[in-house]
Each structure stands twice: as C-alpha cells, then as structure tokens.
C-alpha cells in the first residue's frame, strides 16, 4: 500500500503542536512535516473544553507564543480567546496548511533497519500509511474521549445529573437548580463563580 513520507510528523494541533511546527519551520526550513490532528479543529484543550468560564490558569503573556506575543489587555484569557489566538497564529505562519484533521494515529512502529517511523492512520474510516524520520508527540496528558473517573462513594445512586467538565453538555440547564461542585482545583474555582450567576444554591466540596 502506498506510503507518504515526511521528515517530521507532529501529533496534535494544540499549543505544543503549533509551537513545534513554527520552530521546525524557523530552524529547519528545508524539512517537510505534517500535523496530524484526530479531532475536527485545532486548539487541543481550548477547543475541547466547553464548561462555563473556561480560561487559562497562567497569564497569556508568558503562556503564549514568544514569536507571536499575546497583545490583548486581559492576561488571564477565556478559552474562546485562546483558541482564536492559536488559529490566528497558525494562519499567520502558514502552519494551518500542514494540519490534517480527522486523522487519528492507530499505530506507530520504529524500524531500526530503515531508521524511520511507520504510522498507520485512520482518516474517517480510510486507512493511510505515513513514514517519517522523527515523530513529535504533542497530544497532552489525558484521554480526550474518556474523562478521568473520580471514585466517589454512592455516586451511582445519585438521582440528579452528574456532569464532568471535560464533556460539558451545550444545552445543560442549571438555572435555579442546586449544584454541588466536587473538587477544589483550578477547574472548580473557575466553575463556581460562573455557575453562581444562575444556579439557585451552590456548594463546593473537595474529594
């Protein structure tokens, strides 16, 4: 079966993937590359999470791209603004034309004899086969499809809705309802003031 060859394959079109692509273009302009993104859009974390108040934990002046500095006044930016910034950066430096969406890595195998990586890909049901000298994994540290479960005794007997922020329903109606937030990390601290605008009663509890 026909294979497509690159010098470098970048897995993931989030902040790390876009930054890696820019550095490669800047320092090795003669190298060929592609960014393989399993989802339908760039952005990684900032495209996946949709919960109320999603924002950065760090200021964008230091979290952003040094080669395309963050210029907005708000240093702690909301998710939508961060995604727009990433999209603008990718377009500005022609990185976006190297992104292949809906392209999931099925397997990656290294050949010592050929000194190359051989990847099998799934592009919406169609198999593709790429090879490259280098593979850079910019996939983040969590499973995008399956949220990390929290072991909460008795949660299976709870009669209300159980929502995980990684898969927040777009049509979730929590107006005038009692809400309990489990956890005390950055996500909980972000959710609480935003839910409080419409929820009837709000409680936050650490695990």
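Before moving on, here are some points about what is shown:
- A count restricted to segment 75-92 and to residues that are surrounded by fewer than 16 Cβ atoms within 10 Å (Cβ to Cβ) and in a loop (DSSP other than H, G, I, E, B) stands at 2.
- Evaluation of residue 78 against the conditions (1) under 22 Å from residue 38 (Cα atoms); (2) touching a strand residue (DSSP E or B) at 6+ places or on another chain (Cβ under 6 Å) shows that the sole unmet condition is (1).
- If you go through segment 117-136 and keep only what is out of contact with any helix residue (DSSP H, G or I) (no Cβ under 7 Å at 6 or more places or on another chain) and crowded, with 17+ Cβ neighbours inside 10 Å, you end up with 117, 119, 121, 128, 130, 131, 132, 135.
- In segment 1-73, counting only helices (runs of 4 or more DSSP H) that sit wholly within it, the ones holding 1 or more residues that are in contact with a strand residue (DSSP E or B) (Cβ under 7 Å, 6 or more places away or on another chain) and either over 26 Å from residue 108 (Cα atoms) or in contact (Cβ under 8 Å) with a residue 40 or more places away in the chain (or both) span 15-27.
- Only one of the listed residues (36, 48) is at pLDDT 95 or above, within 16 Å of the chain's Cα centre (by Cα) and either within 23 Å of residue 101 (Cα to Cα) or surrounded by 14 or more Cβ atoms within 10 Å (Cβ to Cβ) (or both). That residue is 36.
The values are calculated or read from the model by the stated rules, or taken from the named source; none is laboratory data. Please read these numbers as outputs of a predicted model, since none were measured by experiment. Reconstructed Cβ throughout: ideal geometry from the backbone, glycine too, with neighbour counts over all protein chains shown.
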